[in-house]
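Structure record follows, encoded as C-alpha cells.
Read-outs throughout are calculated quantities, based only on the coordinates presented, and are distinct from any laboratory measurement. Remember, it's a predicted structure, so these values are computed and weren't measured experimentally. Cβ: placed from backbone, ideal geometry, glycine included. Neighbour counts: every protein chain shown.
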Amino acid sequence: MPIKSLIRTIPHYPKPGIQFRDITTLLKDPLGFRMVIDALSQHYSDKKIDKIAGIEARGFIIGAALAYKLGVGFVPIRKSGKLPAETLGHDYALEYGADRVEIHLDAIEAGEQILLVDDLIATGGTAEASIALIHKLGGVVIGCAFVIDLPDLGGSKRLHKAGLETFSLCEFEGD
C-alpha cells in the first residue's frame, strides 16, 4: 500500500486555489503511520543525529515518533506565543500568508546535529525560518525530512540551493 494513497486532498483549503494535502487519514491508519516512521528511520539510521526538530503541528507527530524510533531528543518549533520559556523567533512568508515560528533558547546546543521534520514541503518558507532558528542557536541542520513534497512550489529546490539535503516519501504534482 503506497503512503501517497492514504493522503487525502481537500480542495480550496484554507483558501480558494489551495489543494490541501491532509495526512490525518494517513496517521489514523496504523500500518500507514508505521510505514512512514519506518521509512524515515531507515533513511536516517546511519546519520549522526542529536535531536529532531519538528515544525508545528503535524511535524510534531512525525518528528516525535521518529525521535523515539531513532533514540534521540525532540525539539518543538512552534507558532508565536506557544512556548512557555524564553524563545527566539523568526518571521516568514508562506504560500497563503505570513507567520512567525519560535524555539526555546535552550533547545539546541552549539554543534548539535539536527534533523528538521515536517509533514510537507511547499514553498519552503516555514522550513527556512525553522532552519534559521536552529542555526542561530548553533545547531547544524543535517537534513530536512518530509512526508510530502510539492515540487512545483519549489521548496525542496530552495533548500537544495541553500546546501541542505531534503528527503520526502511522496510527491504531489501541481499545488
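Given region 98-145, report the % of alpha carbon pairs whose separation exceeds 13 Å. Tail fraction, whole percent: 55.
Length, then width, then depth: along the principal axes, the Cα atoms of region 1-105 run 41, 41, 20 Å.
The residue among 116, 101, 67 whose Cα reaches farthest toward the positive pole of the charge dipole of region 30-119, with charges on the beta-carbon of Lys, Arg, Asp and Glu, is 67.
Neighbours of residue 120, meaning other residues whose beta-carbon lies under 9 angstrom from its beta-carbon, give a summed charge of -1 when Lys and Arg score +1 and Asp and Glu score -1.
From least to most packed, judged by other beta carbons within 10 angstrom and beginning with the fewest, 75, 140 follow the order 140, 75. Relative contact order for region 1-75: what percent, with Cα pairs under 8 Å and sequence separation of 6 or more? For region 1-75, the relative contact order is 22 percent.
Mean residue ellipticity, 222 nm, helices only, the chain: the sum of -39500 (n - 2.57) across DSSP H runs of n ≥ 4, divided by residue count and rounded to 500, is -8500 deg cm²/dmol. Pick from 116, 105, 66: which is most flexible by mean-square fluctuation in a GNM of the chain where alpha carbon atoms under 10 Å apart are linked? Of the options given, 105 has the highest mean-square fluctuation. For the chain, what Kirkwood radius comes out of the mean inverse Cα-Cα distance, in Å? By the Kirkwood definition, the hydrodynamic radius is 16.2 Å.
Grab the other residues whose beta carbon is less than 10 angstrom from that of residue 27, score K and R as +1, D and E as -1, and report the net.
Working: positive: 28, 58; negative: 22, 29, 119.
Here the charged neighbours net out to -1.
Remark: 144, 170 ranked as 170, 144, counting other beta-carbon atoms within 10 Å and listing the fewest first.
Which entries of 79/161; 4/28; 15/82; 47/69 have Cα-Cα distances beyond 22 Å here? It would help to have the intermediate numbers written out before the result.
On the way: 79/161 26 Å; 4/28 14 Å; 15/82 24 Å; 47/69 13 Å.
Where the Cα-Cα span goes over 22 Å, the pairs concerned are 79/161; 15/82.
Pairs of Cα atoms nearer than 8 Å and 6+ residues apart set the relative contact order; for region 40-89 it is 37 percent.
Listed from fewest to most Cβ neighbours within 10 Å, the set 117, 36 follows the order 36, 117.
Using the Cβ of residue 144 as centre and a radius below 9 Å, the other residues enclosed give a net charge of -2, where K and R count +1 and D and E count -1.
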